Each structure stands twice: as C-alpha cells, then as structure tokens.
Amino acid sequence: MTLSLGNIPPVCMLHIGKTGGSYMRSLLKHNEPRWTRPLHLLGHSATAHSSAKRFGPDRKLAFLVRDPLTRFSSAFYSRQRQGRPTYQCQWSAEEAAAFLWFHTAEELALALTSRNPREKSAALFAMDSIRHLKEDLRHYLGSVETLLAERRNIVVCTDVAGLDRHRSAIMATLGATDFEIPPKPIYHAAPTPPPALSQAAQTALHDHWAAEFALYNAACDIADQLGFSHSPL
C-alpha cells in the first residue's frame, strides 16, 4: 500500500538479500493499517538508484545491512538449499553450475584467491551467478561515494544484529509507532547455523570483496549517526 500524505516524501524500504528483509516486510505489512507516512516495501530488484528514478530524488531510504562474512555464508547456503525451508526458488542454470563446483562457502571463498586459474575462474563465475552474492551492496547502494551522497535521505540504516534493540525506534521512524508483532513473523533463517569460515577463507574474502566491506563500514557509520548502532552498549 502507498499512503498519500500531501508533500511528505515517501520512504522506500530496500530489501537487500540476507539482511532480515523478510522479517521486516512481514512486520511492516502486518502493521500496514497503522502507517502514518507514505511507505513502499520494495522487492529484491529495487535499488537506491532505481527508487530515486521511480519515486523522485527526495524519497527517503530505509535498509538493513549485515557483516559481509556472515552474509556471504548465509547467501551461499540459502541458495544451495534453493531458499528452503521458508521459500522454494529453483536454481538458475548458472547457479546449478556453481553448486556443482563448490559444495561449501569455505571452498568458494578460498578459490577466490586461488593460484589455479581454472579454480579462480570458477569462483568468479559463482560470485556472479549465485543470487544474493551477485546482488551485493554495490548492486543495491552503489559506491561508498554514492551512499554518502544519499546520507540526507537515509532515515533507517542498521546492521541486522541490532534489529531487536532498535525495532521500536525503527518502526517509529517508518511511521508505525503503535505497532504489534505478528503472530507468525517470517524468518528466512537456516535450519542449522552455517559452519564458520576459516581465517584463510575470511582473508580471501576480504581481499576479493574489499568494496563490499568498505560499503558495509560506511553504512555502519551512518547507522551510528542515526542512533541505530549495533555495537554493544
């Protein structure tokens, strides 16, 4: 639903994959009758850039982010399960090829800096093929410079790790101060925690995904400025 309230700029809630978006959408949709400002719950295909083109450069942005290391593993295993048990989204042909080659997130991360050209090529192919990995923060937010240029339009930004702590403040910012938790909120979570990445795999991912970590850090700085820090009190 889009609530029309005169000249109040709408808020566009981006759905960055594997950052708690399914839960936020279920929470906001459950409280839709309580919305007091225009709010658009956008799908995975929407980005900061496309939202500006669609709703105007003065639209406001709300989104969650997640530490790239945990998001990498979560994205890999979620797509390996084809979204189950919450969803069922079949592999693309490219994803099928990627998962034939790599069986664990650890294998993929290590291959990103492999000296074996064939293995590294397969890893780069997988990163460009597996949904939620190819749709990284650069896909949704652009460069660090682009994100900082949007700072005045960002009204909600926090790491998913801080969602429970800031839920009331987030909902108030989005125009739903008087909200309730749905009886069965949607959690797109793994049946079991994914195995931790080794230090070598983490280092490889840092080296390959430097732009992702830079964007994540910039988003966390914005979260701090907005009062939505996930750091321990």
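The values are calculated or read from the model by the stated rules, or taken from the named source; none is laboratory data. None of these values were measured; they are calculated from a predicted model. Reconstructed Cβ throughout: ideal geometry from the backbone, glycine too, with neighbour counts over all protein chains shown. To get the accessible areas, we keep the full protein, side chains included, count just its heavy atoms, and leave off ligands, DNA and RNA. Shrake-Rupley method; radii C 1.70, N 1.55, O 1.52, S 1.80 Å.
Details
- 5 angstrom amide H check on residue 83, placed H, neighbours 5+ away: 89
- Interchain or long-range residues, amide H under 5 Å from residue 65's placed H: 158, 159, 160
- If R0 is taken as 45 Å, the Cβ-Cβ distance between residue 107 and residue 8 corresponds to a FRET efficiency of 0.35.
- Between helix 21-30 and the chain: long-axis angle, C-alpha atoms, 0 to 90°, nearest 10: 20
- Theoretical gain in end-to-end length, residue 32 to residue 207 [0.36 nm per residue, Cα-Cα removed]: 58.8 nm
- Residues in segment 96-123 reached by a label modelled at residue 200 [backbone nitrogen below 13 Å; 7 Å Cα→Cβ]: 106-116
- Accessible surface of segment 49-94, 1.4 Å probe: 52 percent of it comes from carbon and sulfur atoms.
- The chain - percent relative contact order, Cα under 8 Å, separation 6 or more: 30
- Fully extending the segment from residue 172 to residue 148 would add 6.3 nm, taking 0.36 nm per residue of separation and subtracting the current Cα-Cα distance.
- Sequence-distant lysines (8 or more away, or on other chains) whose Cα lies within less than 23 Å of residue 60: 18, 29
- Dipole-positive endmost among 156, 126, 141 within segment 111-162 (Cβ charges, Cα centre): 126
- Extension gain (nm, one decimal) between residue 221 and residue 84, 0.36 nm per residue minus Cα-Cα: 46.0 nm
- Cα-Cα P(r), segment 124-233, percent of pairs per 10 Å interval: 11, 32, 38, 17, 2
- With Cα atoms, 0 to 90° folded angle of helix 199-208 axis to the chain main axis: 70
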